[in-house]
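Have a look at the structure below, then the notes.
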Amino acid sequence: MSEIILGKYHGVGNDYLIFDPKKNDVVLNERLIRQLCRRNIGVGADGILYGPVMEDKKIKVRIFNPDGSEAEKSGNGIRIFSRYLKDAGYVKERQYYLTTKAGETLVTFLDDAGNCMRVDMGYAVFEAEQIPALGFEGEVVGESIFFCDNFYNATCVSMGNPNCVIMLERVDREKALHLGPYVENAKYFPNRINMQLCQIVDEKNIQVEIYERGAGYTFASGTGACAAAAASHRLGLVEDAVTVHMHGGDLFIEFEKDGRIFMTGPVVYIGKITVAEQFFA
Ligand SMILES: N[C@@H](CCC[C@H](N)C(=O)O)C(=O)O
């Protein structure tokens, strides 16, 4: 195996490695993903963005979790990969479409450097079948669901990927670490699920703690921020523009009249990493 060249970026503390197949002749498999994402004994990341992959003249990215599973969508991943495409000279336009497993997404760069982007995240879907969530009919909104030790007020949201938003009076990292593994792997969710603990601060602000499918506790999530804002909006608790505060920073979420969701947030370039050949020995 030869050395690997990676890019590393973060979006409000959600960090990703970029694996560009055009710059590497190594095959990215599940074992390698796990090795690279490991903190302390690997490079460390909340996931790997593999691309660009060109399909039918569309620019595609594949999103991998640190456990090697593949996700349909990632909000921070979309912004981060867009910044990479700009940095590497693949995209020069102010607006372009990026395809993930969940479909096409319109990305707008808000500055020349690609430090901040506004992303059309599509619509939140609450239908049990679309999450998928077993044992429920119709929409899963404000349901009392049993996890681990108690019943919780939960709303299930597909943002392209599955999310379960739990409304609490107060949220903190410890609660997310405690409840996360139970929710992620609960019997209701055959594809597992991402969890957001959500506290309403006021009609314009929510505080959210994240526990991601295949990744565990993360400092932030773009789809998670949209899901938490969408659940709060659907429950009538927030207005059409919401700042989602997370451990790693804030994302700004807007709802259009028809429910279409836009996410605005930053991306930071950390650097280029060369992984030594010996690392894989
Ligand atoms: N960090 C993400 C979500 C990444 C995928 C997620 N773990 C899943 O399996 O669906 C984001 O910013 O949206």
Over 20 Å (Cα to Cα) among LYS60/LYS187; LYS22/LYS92; LYS8/LYS204; LYS57/LYS257 -> LYS60/LYS187; LYS8/LYS204; LYS57/LYS257
Note down the nm distance, to one decimal, between modelled labels 7 Å out along Cα→Cβ at LEU177 and at ASP240.
4.1 nm
By the Kirkwood definition, with r running over pairs of different Cα atoms, the chain has a hydrodynamic radius in Å of 18.8 Å
From the helices alone, meaning DSSP H stretches of at least four residues, give me the mean residue ellipticity at 222 nm for the chain, per-run term -39500 (n - 2.57), in deg cm²/dmol to the nearest 500.
-5000 deg cm²/dmol
Segment 86-102 to segment 241-269: how many Å between their Cα centroids?
19 Å
Which shape class applies to segment 1-123: rounded if a/c is under 1.5, otherwise prolate when a/b exceeds b/c and oblate if not, where a ≥ b ≥ c are the square roots of the Cα gyration tensor eigenvalues?
prolate
Give me the angle, in degrees from 0 to 90, between the Cα long axis of helix 222-234 and the longest principal axis of the Cα atoms of the chain, rounded to the nearest 10.
20 degrees
Please work out the Cα center distance from segment 139-155 to segment 164-203, rounded to the nearest Å.
10 Å
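Report the full-extension gain for the segment ASN185 to ARG94: residue separation times 0.36 nm, less the Cα-Cα distance, to one decimal in nm.
On the way: separation 91, 0.36 × 91 = 32.76 nm, distance 3.99 nm.
This chain segment gains 28.8 nm when fully extended.
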Could you state the angle between the C-alpha long axis of helix 173-184 and the longest principal axis of the C-alpha atoms of the chain, as a value from 0 to 90 degrees rounded to the nearest 10?
90 degrees
Within 13 Å, Cβ to Cβ, of GLU129, how many net charges do the neighbouring residues add up to if Lys/Arg are +1 and Asp/Glu are -1?
-3
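How big is the antiparallel share of DSSP beta bridges in segment 128-259, given as a percent to the nearest 5? Provide the component values of the computation, followed by the final result.
Details: 27 of 35 bridges.
So the antiparallel bridges amount to about 75 percent of the total.
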Give, in nm to one decimal, the length gained when the segment between LYS22 and VAL53 is fully stretched (0.36 nm per residue of separation minus the Cα-Cα distance).
10.3 nm
Order 59-69, 82-92, 157-167 from most to least packed using the mean count of other Cβ atoms within 10 Å.
157-167, 59-69, 82-92
Shape call for segment 135-281 from the C-alpha gyration tensor, a ≥ b ≥ c root eigenvalues: rounded (a/c under 1.5), prolate (a/b greater than b/c) or oblate?
oblate
Using a Förster radius of 25 Å, what is the FRET efficiency between ASP149 and VAL201 based on their Cβ-Cβ separation? Nearest 0.05, please.
0.45
What does the net charge come to around GLY7 if you take all other residues with beta carbon closer than 10 Å to its beta carbon, with K and R at +1 and D and E at -1?
+2
Taking the Cα centre of segment 128-259 as origin, sum charge times position over the Cβ atoms of Lys and Arg (+1) and Asp and Glu (-1), and report the length of that vector in debye to the nearest 20.
400 debye
With everything on Cα atoms, drop me the angle between helix 75-87 and the longest principal axis of the chain, reported from 0 to 90° to the nearest 10.
30 degrees
Extension gain from LEU110 to ASN29, taking 0.36 nm per residue of separation minus the Cα-Cα distance
25.7 nm
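Bear in mind that the values in this text are calculations on the coordinates, not laboratory data. Since we're looking at a predicted model, the values are computed, not measured. Note that we place each Cβ from the backbone using ideal geometry, even for glycine, and neighbour counts take in every protein chain shown.
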